[in-house]
Each structure stands twice: as C-alpha cells, then as structure tokens.
Amino acid sequence: MLRKVYLSVIGLLGASNASADWTLNMPRGVTELSAETYALHMQVFYWCCAIGVLVFGVMIYSLIRHRKSPGAEPATFSHSMKAEVIWTTIPIIILLILVVPSARTLIKLEDTRKPDMTIVATAYQWRWHYRYQGQDVAFYSSLARTSGVARRLDSSIDPFTVENYLLDVDNPLVVPVGRKVRLLLTSNDVVHSWWVPELAIKKDAIPGFMNETWFKADVVGTYRGQCAELCGMDHGYMPIVVKVLEPQAYAAWLASRQPTALQSADTN
Amino acid sequence: MTSAVMDAHHSEEHHGPAKGIRRWLYATNHKDIGTMYLVLSLVMFLTGGAMALVIRSELFQPGLQFIAPNVFNQLTTMHALIMVFGAVMPAFVGLANWMIPMMIGAPDMALPRMNNWSFWILPFAFLMLVATFFMPGGAPAAGWTMYPPLVLQTGDAFPYLIFSVHLLGISSIMGAINIIVTIVNMRAPDMSLLKMPMFVWTWLITAYLLLAVMPVLAGAVTMLLTDQFFGTSFFLAAGGGDPVLFQHIFWFFGHPEVYILILPAFGVISEIIPTFSRKPLFGHDSMVYAASSIAFLSFIVWAHHMFTVGMPLTGQLFFMFSTMLIAVPTGVKLFNWIATMWRGTMTFETPMLFAIAILFLFTIGGFSGIMLAIVPADIQYHDSYFVVAHFHYVLVPGSIFAIMAAVYYWLPKWSGHMYNESLGKLHFWLSAVFVNVTFFPMHFLGLAGMPRRIPDYSTQFADFNSIASVGAIGYGLSQLLFVYVVIQCVRGKGAKATSEVWDNPKGLEWTLPSPAPYHSFEVPPKVSSESAFS
Amino acid sequence: MTHAEDRYYVPQNSHWPIVGSVGLFLLMVGASSWLNGSDAGFWVMMSGVAVVIFMLAGWFSTVIGESISGRFNQQVDMSFRMGMFWFIFSEVMFFSVFFGALFYSRNMSIPWLGGDSNNFFTNLLLWGGYESTWPSNGPGNAGGDYEVMQPFGLPLINTVILLTSSVTLTVAHHALLASKRSMLKVFLAATFILGFIFVFLQAQEYIHAYHEMNLKMTTGIYGSTFYMLTGFHGMHVTIGAFMLSVIWLRTMKGHFTPRHHFAFEAAAWYWHFVDVVWLALYVFVYWM
Ligand code: HEA
Ligand code: HEA
Ligand code: CUA
Ligand SMILES: [Cu+2]
C-alpha cells in the first residue's frame, strides 16, 4: 500500500510519462479526430496550468509576504477599476482562443455524411447488438465468459488473473481500417452510451431515437471501451470491443459471418 | 388598541427559549431553527459519508467485495441525494438562519412560523427517502439524476422517491421565500442594498435561484410519476415524447442547483478573508455583480451535461460558449479575494486556513469545469471519473470546506466559547491532505477511461482506486475530529469568547454579545459608520 | 399603535408547522403506498389530507386572530405581501415546466420523430411512415385514435367565465376600498361561484373527452400535455375558489377594512395568476 501512495505522489508530480499500468492521461487514440480531441484536451489543460501557476503564485507570495508581522499595518484600498477591467478581459480572451479550435473539431465530429459503411448498434440491458447495414450480418456482443464468471460476488477468482477483465466480449465489433464507419445508435430499453476512448467517441443510445456518430480508425488493433450511461444493475458489465482489421482480413471476416457460413459455425 | 394590550403581548413575544422538546418542535426562533438545520446537516453528512465509504471500500480493488451491483447503484444514488439535499443545502440554510438576521440588524426571520415548517418537513422527507432501502426492490438506483426510462424500473421505492423530492422542494421554496423577504424587508433602516454584507448578498441571489428551479424539479419528477402510474408519454418516444426531455428539465434545475451549493460558500469566504487579512473586501460591488452574473448564466448552460445525447450542432456550440463564460465572473471573484489578501496582515486561524484552501482547490475544480465545457473533450470526459473528480473538487473542498470554515468562524458567536484552535488546525490539515488523496487520482482514472457509476472495474484502474479509497477513509475519519471540536466548544470547554471574537472584524453580528441574545436585535440598530460593512 | 410600529414583531412558538409536517408526511407516504397498490395507503393519504386541512384552518385562524387584535405592524404586512408574491412566482415556474414540455414536444421531439434535424434515421429506421403533425399521440399511436379538443364551445365559455370572474373580483376590491360592503359581498360571491362553475364545466369537458373523444391521459404526448396543463390549472382554480370562499365568509363576519385587507389581496393576486395561466393555456393548448 505504501508503495502505491508513494507512487501516486510521483505520479502527481511527473504527470505525463506514464508507465504501462499507470495511465495518467487521455489516450491519443487512433483516429484523426481523437488526436484533435487529445490536442484540445492538452491545450486547455496547459492554459489551466498557466493560469494556475500565475494565480497560485501570486497567492502564495501574498500568503508569505503579507502575513501578520510585528508593526505591519494593513493597506486600506478596496477597489481599483483598472485591475478589475484587466482581470475581466484577460479570461475572455483566453476563452476565445479556446473556443475556436473546439468549435472546429466539433463541427467535424458531427459531420456524418458520406460514410463508407453503416452499422446500427442497439443497446439492451446489458449487451450490445450490431447490425451491418446492407449486409446480412448481425449479432449480439456480451461480456466475455471469463470475466462474467470472475465478476460474481462469491467468485474466488482474482481479477488480475483474468485477461482484459471486464473489457472483453464474446463477439467484438469488426471494422476495416481507414474507412469512415457511421454508427447509428439506439436502445431497446433504457439510455446507454457507446464509448471507446481510443476512437474518441461517446454517444448515447436512446430508446425511440437514432443517434449518429462516426469514426475512421487509422491503426489496426483492438480497442476497448464500456457503456458510459448508468443503465441499471449490470451497467458496469457491458463492454465494447472494436477490432480494426486490414481490408482483406475484414472482407474475410465479413464473408465468414454471412448467414450461409454461419450455419456451419454458429457462434464465434 | 391601547398600549396596555401591546405590553401584555410583549411579555409573551420576547420570551426566552421554551423548555424541553417544545423549544425545538414549535420553534420560531431563527437561532433554534438554524441550530436544527445545522444538526440535521451534520447527521446527513455522516450518513451520506458513510455511504461514500461503502462505495469506496467496494472500489478499493477490482472484483466485487461486499455488495451486489444493484446495491452499489442504490448507494451512489442515495449518497448524492443525501449530500446535496441533506448535507449542503440545509447547512447553508442553517447558516442563513443564524447569521442573516444578525448581519442585517433584524430580530428574527421575517416569517418565523413558516421557517419552522421549512425545517420540519426535511426530517420527514429524509425518513421517506432512507426508508426505501428496506422496501422490495431496494432504494432508488438510477443515479441522483433520475433519468428515465431507467428510473421507471425502480421498485416500490419509486413513488417515495418522487414524493420525498416534492417535500424537499416545498421546504426549499418556503426557506427561499423567507430568506428573500427577510433580506428585503427586515434590514436595519439605513442599510442600503449595496451596504449589505457579501454573505447576505450571495444568499439573496441563491434564494432567487432556489425559487426559480425547485418548482422545475418538482415538475420534472411529477411527469415521471404520471408516466409511471397514469400512462402519460412525456418521456416515451412511441407516444411522441422524448427521454431526453427529462434531461433538459432536470439540468435546467440541476445546473443552477450546483451554484445554489456554491454561492453561499462564496459568501462565507467573502466574510472570512477580510477579517483575517484585516482589510476590507476588495471590490464589494463587483462581487455582487459577479455573483449575479453567475446566477444569470447558470440558467443558460444546462445542456453542458448533455453533450453526448445527440443535440443538434448549434445547440452544442451555444452551450459550450455560454458555459465557458462562467469562468469570467468566477475569476473576478477569485481575483477579488486575492486582492483582499494582498498587502493585508494575515493570520491563519482555522477559518482562514479553510478559506485559503478553498481558493486553491475550488479553482482546480473550476479548471476541470472549463475543460469539461470544451465539447469534443467532454465527449471523452463525460460520465467518466474525470467528472466525479471535477464535482467533488468544487463540492467537497468548495461547499463542505466553506460550511466548516463558517462553523469555526461563527461558532464562538453562537456558543460564547472559543473552539480548540490546535485541534481545529489539525482537522484542517488532515482534511486538506486527504481530500486531495481521495479526489485527485480520480482525474487520472477518468482520463484513462474508467466510467462512473460502476461497482467493479478493469485491473488497470486498480492503483488509483485504492489510493482514492484510502484517502476517503482518512478524510472521513478526520471529520470525526470536527464533530469532537464542535461538541467540546458547544459544551463550553473553551475560553470565553468576547463579542468581537476575532481581531476587529466588521459587521453587525460582532456588535452583539457572544453568545448572541435570543432575539438578535429587538429594536433596529443604527448603521452609521460606513466601514461597518466590508 | 406607535408602539407596534417601531418594535419588531416576533410571533410566539407555534405547533401548527409540525402538525403540517406530519400531515404532509402522512399524505405523501399514503399516496406512495396507494400507488404501489395498497388500499390502506388511500386511507393514510386521506388522513394526511385531513391533518393538512386541519392545520391550515388552525394556522390561519391564529394569524387572523393576531391580525384582528392589531398585532401586525406595517412591516409584518409587507412581509406577508412579499411572501405571497414570491410564492406565486414559484407557481409560475412550476407551470412553465409543463409549458416547456409542450413546446419541446411540439417543436422538437415530434418533428424529430418525423425525421427532422439530425434525426433522419430516427424516422427511417424506427418509425417509418410516421409524419409529424400537431396534435399528435406519437408514432406508436399511443392510446389509439382520438379527436382533437376544439377551442370553441366549452373552452371558450370557460375563458369568458374566468375573465368575467376577474372583473367581478376587481369590482369587489373597489367596493372594499370604497367601504361598499354589500356590493363587496355580492361581487366576491359572484367571483368564486364563477370559479366553481369553471371547475364544473372543466369536469364536463373531461368526461366528454374521455367518453366520446377517446382523448385520455394515455393519448400520447398530446393527451399528456393537455391533461397535465389543464389538470394542474383546474386544481389551482379549485384552490383559488376555496380561498375566495373563505375570504367571503370573513367579509360576512365583518373582517377587512379599506386599509387592512391583505388576505383579500393575496387571494385576488392568486386568482389573477390563475387567470393569466388560463389565457396562456387557452392560446397554446386549445387554439394554436
Ligand atoms: C458546486 C458545484 C459546482 C460548481 C461550482 C461547478 C462549476 C463548473 N462546472 Fe460543474 N458540475 C457539478 C458541480 C459544479 N460545477 C456537478 C455536481 C456535476 C456533475 C453532475 C452529475 O453528472 O452528476 C458537474 C458537471 C459539469 C459538467 C458536465 C460534465 C459531464 O457530465 O460531461 C460540465 C461541463 O461543462 C461542468 C462545467 C462547469 C464549469 C465550466 C464550472 C464553472 O463555474 C467553473 C468556473 C471556475 C473557474 C474556471 C476557476 C476560477 C477562474 C479563473 C481563475 C479565471 C480564469 C480562468 C479561465 C480563463 C479558464 N460541470
Ligand atoms: C455535496 C455533495 C457531495 C459530497 C460532500 C460528497 C462526498 C464524497 N463523495 Fe460523492 N457524490 C456526489 C456528491 C457529493 N459527494 C454526487 C452528486 C455524486 C454523483 C452520484 C451519481 O452518480 O448519481 C457522487 C458520487 C460519488 C462517487 C462516484 C460513485 C459512482 O460513480 O459510482 C464516489 C466514489 O468515490 C464518491 C465519493 C465521495 C467521498 C469519498 C466523499 C467524502 O467527501 C465523504 C466524507 C465524509 C465521510 C466519510 C463521513 C464521515 C463519517 C464517518 C467516518 C463515520 C460514519 C459514522 C456514522 C454514520 C455514525 N461520491
Ligand atoms: Cu448500458 Cu450502461
Ligand atoms: Cu452544470
């Protein structure tokens, strides 16, 4: 335990170089927009740091310099128009600097036009269902059995021995690399939310409405996320796994999931 | 009528406290009612805190330890409801009851019987709420935000939740009316609005916020009730409604609500900092304008809690801009406090220590608030522990610290005795250290992708979670010290307090003896010297 | 008299608030368990209602007694006025929630379900064929086919009734100021009788809507907003009419002077507020 406390102190001080287990920052992600989001996040973070250093610096200086010492007389001033105008204007300027790139990224995020493919994701308590538009491919995606067993209150399985504990599913969502995938989200019961940090996407699945979002993954790999809106008892147990494959591998996978192929190998 | 009749009434009117339980059940005295509010708040804080400790214990390591997931959700929901409506709001109303009449030179609140009613509704409301733990289906578990359709899956607790929220609303509305009327109508004759102390000002603004948004919450939960039991379709798409409509209404209440939780805290530190800097509050008038602007802006930013629901783009842009604007008046307040300390002669008694910690830690919470306002980034932060970190930074070392600072600051005035300064300082340092150990790591958890409201998590989140849990236990235990210090002081264990208590503080409350007389001012005091109000 | 003016007035301890809290508690707990299907709950709820009514009667007679014995100075009078004003403000906010729900569903959710704005796929994939119109019971045709409530006929009559009642109330107020007691009594009585007639007609309208028009609370968002708005309004008219009746009984007993009649004015403000809500309601719910 002490080691953890100690490490955390180091962690707090040396923020950004995270070791494998000590993720301290938002992932840069694997899409153009996730990188932009990350940059925005860092930009506003640095502004806050700068303001913080300045403001806290002045405060600390004042706390030391202006503490009561023998013979010291407090000043009596109680307003200054000039100062007030300055510290009203400067924050406004900073905010304007922040708003412009944010708005630009936001507009791109909302632009779901001209996708290469469309997937309809429907949320259920507590699993996801994916349907590939224009293909005969549809399946449920639920928490992997290994985690499902280990997560029980009375299970004696140590979560550390389970690979990707709570972040693994039986049937991941599979998409090709470098393609604009439009995701249409809805829900069958309560509000859920589809979140994969590396794709920088989070969008609510709302019963009776269809929400749109999109991503274009640039790097092959497996990306994990979770349902991000409280949806009842097992809200913590409906992970999302996205497998990004090379186009050929994706085509092969798609073919294997077509109904004819499915008859021989029913699941997985 | 004759003056003989009047005099006969006087002897009844200006009596001391009644004996026994009736003093409290039938109370019309602002100090008695204030005390009851504060005691209720402390009990609720410990209850809500105990729930937080169960939450943190469950999250100490991955895997389920003690409680089932649905119980975890119940605890999260009740923790928040109890802390927000049971700990912070009643504490500020209690402070308002105690201090506002003393600060404006009034004998009591304007509507003392209604004051009693506002208070006594609360214990019943919380009785109803907490009793739901023992009902079939357990306590409400849909989060304090009560989003449909999930909240409609609540078991027998559902109508109890709705009606207890109604009771809380009735209580707050009456409390707010009382405070507004007291401030507007009961001020000493020559105290103009702009001469009012900051705590009174911030409460006036807060009371208007309460008046405007508590009915909105009541309306929202009423629609939940009719959707559940009478077949209406407000939040049902098939009938032409929309689940998101509830979110809009809830946050139209909810965002002003979070400023209801912080504006009186701003008021408290605006009283404390000048006293211990021995300098008048810098920019009194601009503080008033800033607080008013915060209140105004709070009505047009609500959808920043809903950036992932699929709002049209223009809506998202609008709510991003308006939210960011709140940094400006809040910054003005912060800078004014710093300017108040600047070239003062500061001493660091416990209330001042808490006030300074608020300046640092609330600002950190405000920074994460600004980060949350950036929509693309919020899409990543939303519903992750980053949000949990944000709001605990503004709520715990913001509101809770301010309440404790206020208690240390005014307790000698209330009880007539000094509290134990060294234990007070110890309490401060323990709180200040542990609050950071608890909530700072939550930023990292959120950024690393840990969603909120989950009872169990993947192994990569284990380290920071266990640090946070240790911090929570440390922080919780430190609060027992606070309880001890307060009890000792109230029992008269400390030195006798002078009427000024501190080194030449400004304000009418310090012209009264300590402990303050049962009816604060029986005749209007003269407010002559301009410096009486900092 | 001067004595009452320059000293602050502080009332004695009172047991009414705690009685009121217990009453509300019984009411709410009873209502909850009744909604959960317990018959006993109904009776608990009614006993809560009884306690609350008992409390209101007791509390108000205490205050009236104090007022009549001249214990209230100008300042107390002002406090009551402000209190009533801000109470009405909170009621306005309560109603605005339901108006807000009406605007939202008319201008947002219904068009979205029909495919507007960023909801093209909502309509295409979930509610194919649904065309947004107002009034609407939603794409699921909740509650089945229904008839739309027309603005003319009963609602128009009700509008006239409420507006008239506002006039009679104002006449009564002027009569009070001019010490014309008999005129005051007649016009005040006319006011609350008109109020009760309004409530009666509203009930007729509901019965008609339920039995002949199949317009119910379950009729999608249209039925929901219609009944929520008119229902809460009707409830407020009922309360206001009772308030005016009490005021009338007090005038019969000779209460109120041209200078001191806060209770009358409070009830009158409340009545005008209810009136204004109706006008908004008539325009947005029945007409547009
Ligand atoms: C006391 C309560 C309180 C306070 C004061 C605040 C203050 C602020 N909050 Fe916070 N907030 C909450 C309580 C509070 N919040 C709660 C409870 C939630 C979660 C609810 C839930 O989901 O359960 C929440 C959630 C929340 C969200 C939604 C997050 C999400 O769910 O995705 C957002 C998004 O914009 C936000 C923003 C802000 C902003 C911009 C401020 C601003 O007011 C902060 C302003 C202050 C400063 C910025 C610091 C001082 C200023 C300066 C030093 C000037 C210069 C600074 C700059 C130019 C940057 N808050
Ligand atoms: C003012 C409001 C307030 C306050 C003061 C707190 C205080 C604390 N909160 Fe809370 N919290 C919220 C408001 C608040 N919180 C809200 C709004 C949510 C969101 C809920 C939702 O998602 O819907 C939340 C959610 C929340 C979560 C996230 C849960 C989840 O998402 O699943 C966590 C987790 O760590 C947490 C922890 C804590 C801790 C450790 C404290 C500590 O500061 C508490 C310290 C106090 C004590 C520990 C009490 C000490 C008492 C004892 C030690 C003795 C006990 C004895 C007796 C009972 C006799 N809170
Ligand atoms: Cu699905 Cu949370
Ligand atoms: Cu907010």
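Identify, from the list B:PHE163, B:PHE119, the residue that is over 18 Å from the mean Cα position of the chain (by Cα) and not hydroxyl-bearing (Ser, Thr, Tyr).
None of the others qualify; the one that does is B:PHE163.
Going by the structure shown, is B:LEU75 over 30 Å from B:SER192 (Cβ atoms), within 14 Å of chain C (Cβ to nearest Cβ) and away from ligand 4 (no atom under 16 Å from the Cβ)? Show your work before the answer.
On the way: over 30 Å from B:SER192 (Cβ atoms): yes; within 14 Å of chain C (Cβ to nearest Cβ): no; away from ligand 4 (no atom under 16 Å from the Cβ): yes.
Criteria not met by B:LEU75.
Go through A:SER147, A:SER141, A:SER155 for me and flag whichever is buried (at least 22 other Cβ atoms within 10 Å of the Cβ) and among the polar types (S, T, N, Q).
Sole residue among the options that is buried (at least 22 other Cβ atoms within 10 Å of the Cβ) and among the polar types (S, T, N, Q): A:SER147.
Cβ-Cβ under 7 Å, sequence separation 6+ or interchain: first residue in segment B:166-194 and touching a residue at least 60 places away in the same chain (Cβ under 8 Å), partner of a type in the set (Asp, Glu). Which pairs?
Here the result reads B:LEU194/B:ASP285, each pair linking segment B:166-194 to a residue that is of a type in the set (Asp, Glu).
Go over the candidates B:ALA468, B:ALA472, B:ALA462 one by one and state the one that is facing chain A (nearest Cβ under 10 Å), assigned to a helix (DSSP H, G or I), of a type in the set (Gly, Ala, Ser) and under 29 Å from the mean Cα position of the chain (by Cα).
After applying the criteria, what remains is B:ALA468.
Counting just the residues of segment B:310-324 that are at the interface with chain A (Cβ under 7 Å from one of its Cβ atoms) and over 18 Å from C:TYR104 (Cα atoms), which one comes out farthest from ligand 1 (Cβ to nearest atom)? Explain how you work it out, then say what you get.
Keep residues of segment B:310-324 that are at the interface with chain A (Cβ under 7 Å from one of its Cβ atoms), which gives B:310, B:313, B:316-317, B:320-321, B:324.
Filter again for over 18 Å from C:TYR104 (Cα atoms), leaving B:317, B:320-321, B:324.
Values: B:LEU317: 13, B:MET320: 8, B:PHE321: 11, B:MET324: 7 Å.
So, considering only residues that are at the interface with chain A (Cβ under 7 Å from one of its Cβ atoms) and over 18 Å from C:TYR104 (Cα atoms), the one farthest from ligand 1 (Cβ to nearest atom) is B:LEU317.
Taking only pairs six or more apart or across chains, which ones have beta-carbon atoms under 9 Å, a first residue in segment B:336-347 that is more than 7 Å from chain A (Cβ to nearest Cβ), and a second residue that is of a type in the set (S, T, N, Q)?
Every condition considered, the pairs that remain are B:ASN336/B:SER270; B:ASN336/B:SER286; B:TRP337/B:SER270; B:THR340/A:SER78; B:THR340/B:SER270; B:THR340/B:SER277; B:THR340/B:SER534.
Have a look at C:PHE262, C:PHE284, C:PHE256, C:PHE273 and point out the one that is within 13 Å of the chain's Cα centre (by Cα) and among the aromatic types (Phe, Trp, Tyr).
Working: C:PHE262 fails: within 13 Å of the chain's Cα centre (by Cα); C:PHE284 fails: within 13 Å of the chain's Cα centre (by Cα); C:PHE256 fails: within 13 Å of the chain's Cα centre (by Cα).
None of the others qualify; the one that does is C:PHE273.
Somewhere in segment C:95-114, is a residue in a loop (DSSP other than H, G, I, E, B) and within 11 Å of another protein chain (Cβ to nearest Cβ)?
Yes - at least one qualifying residue is present in segment C:95-114.
So the check is Cβ under 9 Å with 6+ separation or different chains; which pairs have a first residue in segment C:209-220 that's assigned to a helix (DSSP H, G or I) and a second one that's of a type in the set (Phe, Trp, Tyr)?
Filtered contacts from segment C:209-220: C:ALA209/C:TYR146; C:ALA209/C:PHE226; C:ALA209/C:TYR227; C:GLY220/C:TYR146.
Considering only residues that are more than 19 Å from the chain's Cα centre (by Cα), within 7 Å of another protein chain (Cβ to nearest Cβ) and either among the aliphatic types (A, V, I, L, M) or crowded, with 24+ Cβ neighbours inside 10 Å (or both), which ones fall in segment A:184-201?
Within segment A:184-201, just A:VAL190 meets the criteria.
So that you can scan it fast, the table gives a plain yes or no per residue for (1) among the polar types (S, T, N, Q); (2) at pLDDT 95 or above:
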site: B:THR28; (1), (2): yes, no
site: B:MET44; (1), (2): no, yes
site: B:THR47; (1), (2): yes, yes
site: B:ALA52; (1), (2): no, yes
site: B:ASN70; (1), (2): yes, no
site: B:PHE85; (1), (2): no, yes
site: B:VAL88; (1), (2): no, yes
site: B:ALA96; (1), (2): no, yes
site: B:MET109; (1), (2): no, no
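Of a type in the set (A, V, I, L, M), within 26 Å of C:PHE273 (Cβ to Cβ), within 14 Å of chain B (Cβ to nearest Cβ) and part of a helix (DSSP H, G or I): which single residue out of C:LEU229, C:LEU176, C:LEU201, C:LEU188 fits that description? Break it down stepwise before answering.
Working: C:LEU176 fails: within 14 Å of chain B (Cβ to nearest Cβ); C:LEU201 fails: within 14 Å of chain B (Cβ to nearest Cβ); C:LEU188 fails: within 14 Å of chain B (Cβ to nearest Cβ).
Sole residue among the options that is of a type in the set (A, V, I, L, M), within 26 Å of C:PHE273 (Cβ to Cβ), within 14 Å of chain B (Cβ to nearest Cβ) and part of a helix (DSSP H, G or I): C:LEU229.
If you go through segment B:360-401, how many residues are within 11 Å of chain A (Cβ to nearest Cβ), polar (S, T, N, Q) and either in a helix (DSSP H, G or I) or more than 10 Å from ligand 2 (Cβ to nearest atom) (or both)?
Residues in segment B:360-401 being within 11 Å of chain A (Cβ to nearest Cβ), polar (S, T, N, Q) and either in a helix (DSSP H, G or I) or more than 10 Å from ligand 2 (Cβ to nearest atom) (or both): 3 in total.
Quick test of your reading of the structure: B:ALA106 fulfils all but one of (1) within 16 Å of ligand 4 (Cβ to nearest atom); (2) part of a loop (DSSP other than H, G, I, E, B). Name the failing condition by number.
Against the list (1) within 16 Å of ligand 4 (Cβ to nearest atom); (2) part of a loop (DSSP other than H, G, I, E, B), B:ALA106 comes up short only on (1).
Could you tell me how many of the residues in segment A:214-243 are touching a residue at least 40 places away in the same chain (Cβ under 8 Å), within 16 Å of ligand 2 (Cβ to nearest atom) and part of a loop (DSSP other than H, G, I, E, B)?
Looking only at that region, the number is 5.
I want to confirm something. Restricting to segment B:292-309 and keeping residues that are in contact (Cβ under 8 Å) with a residue 24 or more places away in the chain and more than 9 Å from ligand 1 (Cβ to nearest atom), which single residue is nearest to A:HIS192 (Cα to Cα)?
Out of the qualifying residues, it is B:VAL309.
Got at least one residue in segment C:18-31 being within 22 Å of the chain's Cα centre (by Cα), within 8 Å of another protein chain (Cβ to nearest Cβ), more than 20 Å from C:MET228 (Cβ to Cβ) and hydroxyl-bearing (Ser, Thr, Tyr)?
Yes: segment C:18-31 contains one or more residues that are within 22 Å of the chain's Cα centre (by Cα), within 8 Å of another protein chain (Cβ to nearest Cβ), more than 20 Å from C:MET228 (Cβ to Cβ) and hydroxyl-bearing (Ser, Thr, Tyr).
It is to be established whether one or more residues within segment C:47-62 are polar (S, T, N, Q) and within 7 Å of chain B (Cβ to nearest Cβ). So that I can check it myself, show each step before the final result.
So the first thing to find is which residues in segment C:47-62 are polar (S, T, N, Q), and the list is C:47, C:61-62.
Within this subset, residues satisfying the condition of being within 7 Å of chain B (Cβ to nearest Cβ) are none.
No.
Does at least one position in segment C:52-62 carry a residue that is under 30 Å from B:LEU236 (Cβ atoms) and buried (at least 16 other Cβ atoms within 10 Å of the Cβ)?
No, there is no match, as no residue in segment C:52-62 is under 30 Å from B:LEU236 (Cβ atoms) and buried (at least 16 other Cβ atoms within 10 Å of the Cβ).
State which residue is farthest from A:VAL190 (Cα to Cα) when the search covers only segment A:118-165 and only residues that are outside any loop (DSSP other than H, G, I, E, B) and touching a Gly at 6+ places or on another chain (Cβ under 8 Å).
A:PRO159
If B:PRO451 passes every condition in (1) free of Cβ contacts under 8 Å to residues at least 40 places away in the same chain; (2) over 23 Å from B:PHE434 (Cβ atoms); (3) within 11 Å of ligand 2 (Cβ to nearest atom) but one, which one does it miss?
Exception for B:PRO451: condition (1).
Can you give me the number of residues within segment A:207-233 that are surrounded by 24 or more Cβ atoms within 10 Å (Cβ to Cβ) and out of contact with any Leu (no Cβ under 8 Å at 6 or more places or on another chain)?
3
The values are calculated or read from the model by the stated rules, or taken from the named source; none is laboratory data. Computed from a predicted structure; not experimentally measured. Neighbour counts run over all protein chains shown; Cβ positions are idealised from the backbone, glycine included.
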